[in-house]
């Protein structure tokens, strides 16, 4: 009699452990999936530009510049088909200076 009760308890505990394990796997799998990020490429249509630093952004610590006056010729083309000019994308907080650097834009920064 004790053996049957012990087997039933072991079976019930095993089922609970398996169910908890499956739930954990499902949650971990969903957590690992990221929402697709919208990426972009930088298109610089500048043929020539005036040799002067052009300020494109300023925060509390740094001022960020392009090496010449050309921001009106730089477009960001998003992988969803949208296009933005560089300064518009920065001002609308669609892109960060760090992201622009990672995408290959030459940005100079000077401490304020």
Reduced Cα scattering model of segment 1-95, Debye log10 I(q)/I(0), q = 0.10, 0.12, 0.16, 0.21 Å⁻¹: -0.53, -0.61, -0.82, -1.05
Burial order of peptide ranges 99-109, 67-77, 19-29 (average beta-carbon count within 10 Å, highest first): 67-77, 99-109, 19-29
Evaluated at q = 0.13, 0.20, 0.26 Å⁻¹: base-10 log I(q)/I(0), Debye formula over Cα of segment 40-111: -0.34, -0.82, -1.34
Inter-label distance for residue 78 and residue 38, nm, one decimal - labels placed 7 Å from Cα along Cα-to-Cβ: 0.2
On Cα atoms only, tilt of 2-32 relative to the major axis of the chain in degrees: 10
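Bear in mind these aren't lab numbers, they're just calculated from the coordinates by the rules spelled out. It should be emphasised that the depicted structure is a prediction, and the values quoted were computed from it without experimental measurement. All Cβ positions, even for glycine, are placed from backbone atoms using ideal geometry, and neighbour counts span all protein chains on display.
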